[in-house]
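Trainee: My structure is below; once you've seen it, I'll send some questions.
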Amino acid sequence: MNFIRLFLPVLIILSGCSKPSEKIIVATAANVQYVMKELKTEFEKESGKKIEIVVSSSGKLTAQIREGAPFDVFVSADTKYPEEIFKNGGSDEKPKIYAYGTLALWSLSIPENALNLNVLNSDKVKKIAVPNPKLAPYGEAAVQALQKENLLEPIKNKIVYGESIAQAAQYITTGSVEAGFTALSVILASEMKGKGHYTIIDSASYKPIAQAALLLRHSENSPKKEISQKFYDFLFSPKAKAIFKKYGYK
């Protein structure tokens, strides 16, 4: 019994001295989540290192980073949020654009030949899913496209805002709404194969959705600094670009 009493404090001390985890945490905008699964697989295969993915809207992830969330890389749906983090000292280097997103209109019930912005103002559509434009860049793009066609005001009472593109997609795929806006990358994901119909929104009707990544600041002696840099660099590699292209990114 005395031996156990003496040995327990030693175990506690040793457990506190264990090697810190080298698994990097990638804060990922919801529209990139399916692409990120493929990127994760490829990178882990090449590097032998593990990645953890945290998915939310770019706005919410930025708020978490401000509060000190232990993320290593931020893969945003725009450039605004990474620029803000950089300007506030959250990174030692400026964010870089890794892709341009494509906005699409998606529906389970409306056939492709009838699916366009004008159908949203018809009796066929009672509810329309839009990602929150204050937090999700694709929601902001959807609002711009509707404004350009003078449709935002006529259909405003039909709009159901999702807190992220993932929630808006959930409203669409569960049939809670007749149609909604999302990223083409979500529709092209293998998990969504065969679900409904879609049409790509004319890119001239909204500002380009430039999506940037940011390598977040690490201390000089952080065990994750080197591998985080490698993953960040991997995002701009030919292999990663091919994966982004497969999901409809430009």
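None of the figures in this text is laboratory data; all of them are computed from the coordinates on show. If you're wondering where the values come from, they're calculated on a predicted model, not measured in any experiment. Neighbour counts are summed over all protein chains in view; Cβ atoms, including those assigned to glycine, are modelled from backbone coordinates with ideal geometry.
Trainee: What do you get for the angle between helix 225-234 and the principal long axis of the chain? Use alpha-carbon atoms, 0 to 90 degrees, nearest ten.
Mentor: Rounded to the nearest ten degrees, it is 30.
Trainee: Right, another one. Going by C-beta contacts inside 10 Å, put SER122, SER190 in order with the fewest on the left.
Mentor: Ascending number of Cβ neighbours within 10 Å: SER190, SER122.
Trainee: Using alpha carbon centroids, what distance separates segment 184-250 and segment 54-78, in Å?
Mentor: Spelled out, the Cα-based centre of one part sits 14 Å from the other.
Trainee: Mind checking the dipole of segment 81-147: about its Cα centre, +1 per Lys or Arg Cβ, -1 per Asp or Glu Cβ, Debye to the nearest 20?
Mentor: 220 debye
Trainee: Enumerate the calculated ³J(HN,Hα) couplings along segment 134-148 in order (Karplus 6.51 cos²θ - 1.76 cosθ + 1.60, θ = phi - 60°), each rounded to whole Hz, writing x wherever the residue is Gly or Pro.
Mentor: Taking θ as phi minus 60°, the curve returns 7, 10, 10, x, 5, x, 5, 5, 4, 4, 4, 5, 5, 5, 4 Hz for segment 134-148.
Trainee: Turning to a different aspect of this structure: Nothing charged except the Cβ atoms of Lys and Arg (+1) and of Asp and Glu (-1): what's the magnitude of the dipole of segment 101-205 about its Cα centre? Round to the nearest 20 debye.
Mentor: 180 debye
Trainee: Note down the magnitude of the dipole of the chain about its Cα centre, charges +1 on Lys and Arg C-beta and -1 on Asp and Glu C-beta and zero elsewhere, to the nearest 20 debye.
Mentor: Dipole of the chain, to the nearest 20 debye: 300 debye.
Trainee: In nm, what is the difference between 0.36 nm times the number of residues separating SER109 and SER176 and their Cα-Cα distance?
Mentor: Using 0.36 nm per residue and subtracting the Cα-Cα distance, I get 23.0 nm.
Trainee: Multiply the residue separation of LYS37 and ASP123 by 0.36 nm, subtract the distance between their alpha-carbon atoms, and state the gained length in nm to one decimal.
Mentor: 27.1 nm
Trainee: Now for a separate question. Looking at the chain, which longest stretch skips every one of the GluC sites (Glu not before Pro) that is in a DSSP loop with at most 12 other Cβ atoms within 10 Å, leaving the sites themselves out?
Mentor: Longest run free of exposed loop sites: 94-219.
Trainee: Separate question: Could you list LYS148, LYS245 in order of exposure, starting from the residue whose Cβ has the fewest other Cβ atoms within 10 Å?
Mentor: Ranked by crowding around the Cβ, least crowded first: LYS245, LYS148.
Trainee: What does the extension gain come out to for ASP233 and SER47, with contour length at 0.36 nm per residue minus their alpha carbon separation?
Mentor: Working it through step by step, the gained length comes to 65.7 nm.
Trainee: Just name one of LEU103, PRO223, TYR81: the one whose Cα is farthest towards the positive end of the charge dipole of the chain (beta-carbon charges, Lys/Arg +1, Asp/Glu -1).
Mentor: PRO223
Trainee: Enter the angle in degrees (range 0 to 90, nearest 10) between the Cα long axis of helix 33-47 and the first principal axis of the Cα atoms of the chain, meaning the one along which they spread out most.
Mentor: Between the helix axis and the principal axis of the chain, the angle is about 30 degrees.
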